[in-house]
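Engineer: Here it is, the structure, as structure tokens.
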Amino acid sequence: MLLWKSILPYNGYVAAEFDLNLFSFYRINGQEWPTLPGLLAVTPPRRAVRGRQDDQLIIYLNLSGNTPFSSGEYDQITSQMAERFYQSPGSLTSALRAAAENLNQALIDRNMRSTGRGQYILARLVLGVLRGTQFTFVQCGPTHLFHLTGEKVGHIHDPQISGRGLGFSQTTPLFFSQVELHAGDLLVLSTALPPGWENTLRNERGAVSPEALRRKLPTLTSEDLNAVLIQAQAGNGKVNIKPAATPAAESPRERVAPPPTGQTETTPVSPAPAFTASSEAVTRQPAQTPSEESSPAAPPEQAGQEAPSTLPRPQAIRASRFVRPIGSARPQSAPAEGTAAPPQLPGGMRSSRSLASRDAANLPKISRPASRRRKHLFRRLAGVLQSARGFSQSISNSIHKFLPRLLPDQPRGESPGISSSSMAFIAIAVPLLIVTIASIVYTRYGRAAQYVENYNLAVSAAVGAIGQSDTDVVRNAWESTIYYLDQAEKFQVTQKSQDLRRQAQAELDNLDDITRLEFRPAIISGLDKTIRVTRMAATESDLYLLNASRGDVLRAFRTNQGYEIDPSFKCAPGTYGNNSVGQLVDLIALLNANLYGNATLLATDAKGMLLYCAKGLEPRAVPLPAPELGWKNISAFTLDADSNKLYVLDPAGGRVWSYFWVKNKFEDPNLFFGEQVPQSMNTAIDLAAWGSDLYLLFQDGHVAACIGGPICKDPALFENPPPGHLSSAKINEAIFTQLFFSGTSAPSLYMLNSKAQAVFRFSAGPYSLNFQGQFQPTVDQLKAQFTSPVTAVAVSPNHYIFMSMDNQVYYATVVP
């Protein structure tokens, strides 16, 4: 195991005991490149704040995404981080944190600006500080660090603490560690560990030379490489970045003057080409000529000028959904006047300075340009306030000039005055006028600022879902996006906010397997306010509604505009022949009318009196043979259409009774259960049958499955539930109130989640229910129309789904 030590406070001067040699591994598409963009080593500048005077800083940064990022931009970002580190007083950990947070905020701001184009950049970062013999590291993202001492190998890697990287969210993930360094020790840093490296590095024992390791590691894989090898040797604090082996095809490099005092020694190398990341692959692009794009200012080492403070505008590329590493390129610089152009390299590229370590005192300062929109806003606010001030002053002056003309002439030698009432009026009117103007300004501009702030937070939350595989994290990110959009749209609704909302809602629906349906009113003229629909049944042409307020059934027939109520249809409580029918409690649409005396609907009351109804016919009442102990209170019944077997649920009696259709009637009852009766039968609320299989629904939302007879699985498991739920007897937060079968050869079991206005669909398996998805109204309809629990649901053979709520019935088309 690696020797770990706590990070100690700074207690004064600590003399450097080692020199560090840094060797880079950088391969893109099989091509080895001599410099690694994002690698920077800095010695303490002369004007470092107290506590940073003896800190040797190493920055190892790797960017990924679908937007190109040049070596010049790498230099500017790493230089800004170094400057922030050496200007941060206090503890070492606070300075490292400040540098990492500075990068994270820069990436978040950049991703927010480019989210409308689908572009983003993410980062993995390793910061290392050498103080005496203590090497302190902070890792952001799932990076790897190996410490080879010759006797043992330590591996520092904890993705749970270091997080996914930078640029995802406002929170900066940090993983601190510390190692004790000795002469001859080797450190290997990698942002994405290549195949075969971990086993090889763990098995390294004895004295290992960096040259041997440099030759060995690249041969283990042919994939892209991005890593750093650090060698510690006795010295006085120098940090040297050594270039990798130059490809044979490259021309010799020119020698340049050594760096000025205070900078670390470097070897100049030739530049790498520009790269972009796309959905197909990382592709090499030739460097642009000055005629195609203006060259940035020459680097300080070559032209003696400051580096540009603004980042170059990246080239537009096709967006990719997946995070892919991107390469880098140094921006070309025009040669200084009177100097010869550097020698030409293969492909027309010119040589450039290396990715050298620099003195932080000479680092170019990177300033963030002020937002044009904000400048414009403040300029307009200032103009409005100035105008208001001038307007109020002009009114005051006018009143002073006008009022004396209304008053009698004043004697000579006496100055005209304004009455106290006029002065009081002015004192009240002018502030009111200013407040009114300020309110108008806030309404016009302040609300826009509130919108922008919340919209940016929504974008930041959306970026946090990119590349994440943990469904809980993804769900939280998209839910946060919608929350901030809700806040933003209180002030303003824009096309951007609507587009982002649709994207976030689609991602959440995909997580929960939700199919959004556009519902429309089914009943053309609507329903009377006294009607309360609690059950429905549907055929291809008719829709039957059970009105619990009166205990009768309404029939609606299909037209070109929707469904229209049939006023002549009769199916209600009353006396028919010698039989009296009470309030009806359940109904079944009969698909085989000829079998039941041309009846198209079967209903029952709580005492087992069946009522056969049809269009244009008088209802026919037939008592259902009662069990020996009679009925307690029938709440539901169902019919298997293939076997014509009727099942009756009597929860108060704790029983389910079955009847066979023989000689145009249902014969004597049979107790469905034997000795095995599901527990809590008095809480059963509905049942559904298919063939010889029976399913019972209970008040708490669980289901009992009786397959092939009276042997039941109680409770049956919900398999393959929505993401975030485990296979169990219940689906969290889903309380079902109705269930029924619909379909022919392979029917689906539909279950109504009343409070969520959702209909779940399952396929029935042996003692389990396999989740297949759910149907819900659109989000706009949920807000405007579906504001109360759904009271009943039905699905017709021709794939229409009906939902009733608040004296209205809605329907939509369902894809089978």
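The values are calculated or read from the model by the stated rules, or taken from the named source; none is laboratory data. None of the values given here were measured: they were computed from a predicted structure. When we count neighbours, we look across all protein chains shown, and the Cβ atoms used for this are built from the backbone with ideal geometry, even at glycine. SASA here: full protein model, heavy atoms, side chains in, ligands and nucleic acids out. Shrake-Rupley method; radii C 1.70, N 1.55, O 1.52, S 1.80 Å.
Engineer: For segment 680-816, build the charge dipole from Cβ charges (+1 Lys, Arg; -1 Asp, Glu) around the Cα centre, then report which of TYR811, LEU696, VAL779 sits farthest towards its positive end.
Structural biologist: Value computed over the given set: VAL779.
Engineer: Provide the per-residue ³J(HN,Hα) series for segment 650-657, in order, calculated from phi with Karplus coefficients 6.51, -1.76, 1.60 and θ = phi - 60°, each as a whole number of Hz, with x at glycine and proline positions.
Structural biologist: Once rounded to whole Hz, the list reads 10, x, 5, x, x, 9, 10, 10.
Engineer: While we're here: Tell me, what is the percent relative contact order of segment 55-133, built from C-alpha pairs under 8 Å that lie six or more residues apart?
Structural biologist: Relative CO of segment 55-133 lands at 54 percent.
Engineer: Cross-link list LYS730/LYS755; LYS490/LYS783; LYS570/LYS665; LYS645/LYS713; LYS632/LYS663: which exceed 19 angstrom alpha carbon to alpha carbon?
Structural biologist: Details: LYS730/LYS755 16 Å; LYS490/LYS783 15 Å; LYS570/LYS665 22 Å; LYS645/LYS713 21 Å; LYS632/LYS663 27 Å.
Exceeds cut-off: LYS570/LYS665; LYS645/LYS713; LYS632/LYS663.
Engineer: Taking 1 over the mean of 1/r across every pair of different Cα atoms in segment 535-647, what Kirkwood radius in Å do you get?
Structural biologist: Values: mean 1/r = 0.0691 Å⁻¹.
Over segment 535-647, the inverse of the mean reciprocal pair distance is 14.5 Å.
Engineer: Once neighbouring chains are kept in place and the probe is 1.4 Å, which whole percent of the accessible area of segment 497-579 is contributed by carbon and sulfur?
Structural biologist: Carbon and sulfur: 44 percent of the exposed surface of segment 497-579.
Engineer: For segment 181-188, in order, what is each residue's ³J(HN,Hα) by Karplus, 6.51 cos²θ - 1.76 cosθ + 1.60 with θ = phi - 60°, in whole Hz (x at glycine and Pro)?
Structural biologist: Residue by residue, segment 181-188 yields 9, 10, 4, x, 5, 10, 10, 10 Hz.
Engineer: Something else now. Which value does Rg/Rh take for segment 64-120 over its C-alpha atoms, Rh per Kirkwood?
Structural biologist: 1.06
Engineer: Give the percent of DSSP beta bridges with both residues in segment 521-591 that are antiparallel, rounded to the nearest 5.
Structural biologist: 95
Engineer: Label segment 159-201 by shape, choosing from rounded, prolate and oblate, from the square roots a ≥ b ≥ c of the eigenvalues of the Cα gyration tensor; if a/c is under 1.5 it is rounded, and otherwise prolate applies when a/b is larger than b/c, oblate when it is not.
Structural biologist: oblate
Engineer: Over segment 471-609, what is the mean sequence separation of C-alpha contacts under 8 Å (at least six apart), divided by residue count, expressed as relative contact order in percent?
Structural biologist: That works out to 14 percent.
Engineer: Considering amide H positions built from the backbone, and no H for Pro or chain starts, which residues 5 or more places from ARG535, or on another chain, come under 5 Å of its amide H?
Structural biologist: LEU546
Engineer: Under 17 Å Cα-Cα from LYS529, which aspartates and glutamates qualify once same-chain neighbours fewer than 8 residues away are excluded?
Structural biologist: Result set, ordered by chain and number: ASP552, GLU564, ASP806.
Engineer: Then there's this: Dimensions of segment 422-498 along principal axes (Cα, Å, largest first)?
Structural biologist: Cα extents, longest axis first: 72, 21, 13 Å.
Engineer: Once the Cα gyration tensor of segment 613-687 is found, what semi-axes does its equivalent ellipsoid get, as square roots of 5 times the eigenvalues, in whole Å, sorted largest first?
Structural biologist: Sorted largest first and rounded, they come to 24, 14, 12 Å.
Engineer: Using the Kirkwood radius over C-alpha pairs as Rh, can you work out the diffusion coefficient of segment 693-816 via Stokes-Einstein at 37 °C, viscosity 0.692 mPa s, in µm² per second?
Structural biologist: Details: Rh = 15.1 Å.
Result for D is 218 µm²/s.
Engineer: Along segment 96-106, what does the Karplus equation 6.51 cos²θ - 1.76 cosθ + 1.60 (θ = phi - 60°) give for ³J(HN,Hα), rounded to whole Hz, x for Gly and Pro?
Structural biologist: 5, 4, 4, 5, 5, 5, 4, 5, 4, 5, 5
Engineer: Continuing with the same structure: Sort 777-786, 205-214 by packing, meaning the average of other beta carbons within 10 Å per residue, with the highest value first.
Structural biologist: Those peptides, ordered most packed to least, come out 777-786, 205-214.
Engineer: Where does segment 641-759 land on the Kirkwood hydrodynamic radius, alpha-carbon pairs, in angstrom?
Structural biologist: 15.3
Engineer: Separate question: Could you tell me the center-to-center distance, by alpha carbons, between segment 621-674 and segment 97-159 in angstrom?
Structural biologist: For segment 621-674 versus segment 97-159, the Cα centre distance is 70 Å.
Engineer: Taking H placed 1.01 Å from N in the peptide plane, check which residues at least 5 places from ALA758 or on another chain put their amide H under 5 Å from its amide H.
Structural biologist: Amide H to amide H, under 5 Å and 5 or more residues apart or across chains, ALA758 pairs with ASN753.
Engineer: Keeping every protein chain present and rolling a 1.4 Å probe, give me the accessible area per residue for segment 664-816 in Å².
Structural biologist: Value returned for segment 664-816: 43 Å² of accessible area per residue.
Engineer: How do 652-664, 558-570, 751-763, 155-167 rank on mean C-beta neighbours within 10 Å, highest first?
Structural biologist: In descending order of packing, they fall as 751-763, 155-167, 652-664, 558-570.
Engineer: At a probe size of 1.4 Å, how large is the accessible area of GLU453, to the nearest 10 Å²?
Structural biologist: Roughly 100 Å² of GLU453 is accessible to a 1.4 Å probe.
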